[in-house]
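Working notes, beginning with the structure itself.
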Amino acid sequence: MSRFIPMAILIVLCLLLLATQGCVVIEDGEVGVAKSFGSIADDPVDQGVHVQIPVARIIETWNIKLQELKETAQVPSSEGLIVGLDTSLLFRVLPEQAPQIRKTVGADYMQVLVIPYFRNAVRDVVSGYQVKNIYAEVGRKQIAAKIKEFLQENLEPRGIKVEDVLLRDVKLPDKFRDSIEAKLTAEQQVQQKEFMLEQARKDAEIEVARAEGAAKAQEIVRSTLSDSYLQYLWIKTLNENPNVIYVATEANLPIFKTAK
């Protein structure tokens, strides 16, 4: 009876090993790479539950979702000035190419393949631009497009799909940044003075229009003040105000005086 105890313990240990390591689950956004006796299978393992046996069949789980690689680099411009760049690379592993990447590059493909190419692309592309173009929106878009094109040519044949390249931030040299700020300040001052000048012109036009209107009004009044019109106003005033006393003059012009 005692001889069967070690055998029973061994069987229990094997069952526990199969229960804990005998199955692997490949979820959505993942793909499996199977390895048997040190040889990597050419076809990827799809989503689902799969049995693995130590040494005989081991399945590695690979992420095929969209990934982001962030890099902060100090790169020289075409003038030799050092520019700080915060960049992002959006990429994913092609599921059908995962076994080939495992064979030719290894599981650490990020450090071996993606990061070196990304850093090299950023440095080579940016070095062909002047600082002012790197800072400008058009220049940043051109740089991102060229980096993306370079990475697509070098990474996609190896199984890495390049989705996009983003330039998140540009840190200019201190001297160049100060000169840009001074230029922007000067431009704002010029715009303010132009605004004030335009406002003064508008105010002057308004004053001229008012003066012209007043002059025309006075001219119209002078042209209509005849003796007959003055007599009409005199008679109208007498009718409207009984307290007004008329005093005759030699010139036959009315003098009005309010009665107390």
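Scan (1) among the aliphatic types (A, V, I, L, M); (2) under 18 Å from the mean Cα position of the chain (by Cα); (3) surrounded by 15 or more Cβ atoms within 10 Å (Cβ to Cβ) for the single condition Leu151 breaks and write down its number.
Here Leu151 meets the rest and fails (2).
Please give the helices (runs of 4 or more DSSP H) falling wholly within the stretch 74-170 in which 2 or more residues are within 30 Å of Glu60 (Cβ to Cβ).
Passing ranges, in order: 98-104, 115-126, 137-155.
Test Glu137 against the criterion of being modelled with pLDDT of 90 or more, exposed (fewer than 14 other Cβ atoms within 10 Å of the Cβ) and out of contact with any Ser or Thr (no Cβ under 6 Å at 6 or more places or on another chain), and give yes or no.
no
I need the full set of residues from the stretch 88-97 which are under 34 Å from the mean Cα position of the chain (by Cα) and not basic (Lys, Arg), in order please.
Passing the criteria: Ser88, Leu89, Leu90, Phe91, Val93, Leu94, Pro95, Gln97.
Could you tell me whether the stretch 144-155 includes any residue that is of a type in the set (Phe, Trp, Tyr), at pLDDT 95 or above, out of contact with any Leu (no Cβ under 8 Å at 6 or more places or on another chain) and outside the structural domain of Val24 (by TED's automatic domain parsing)?
Checked against the condition, which is being of a type in the set (Phe, Trp, Tyr), at pLDDT 95 or above, out of contact with any Leu (no Cβ under 8 Å at 6 or more places or on another chain) and outside the structural domain of Val24 (by TED's automatic domain parsing), the stretch 144-155 yields at least one hit.
What number of residues within the stretch 1-59 are assigned to a loop (DSSP other than H, G, I, E, B) and at pLDDT 60 or above?
16
The values are calculated or read from the model by the stated rules, or taken from the named source; none is laboratory data. Nothing here was measured: the structure is a model prediction, and the numbers come from that model. Every residue, glycine among them, receives a Cβ derived from its backbone with ideal geometry; neighbour counts consider all protein chains shown.
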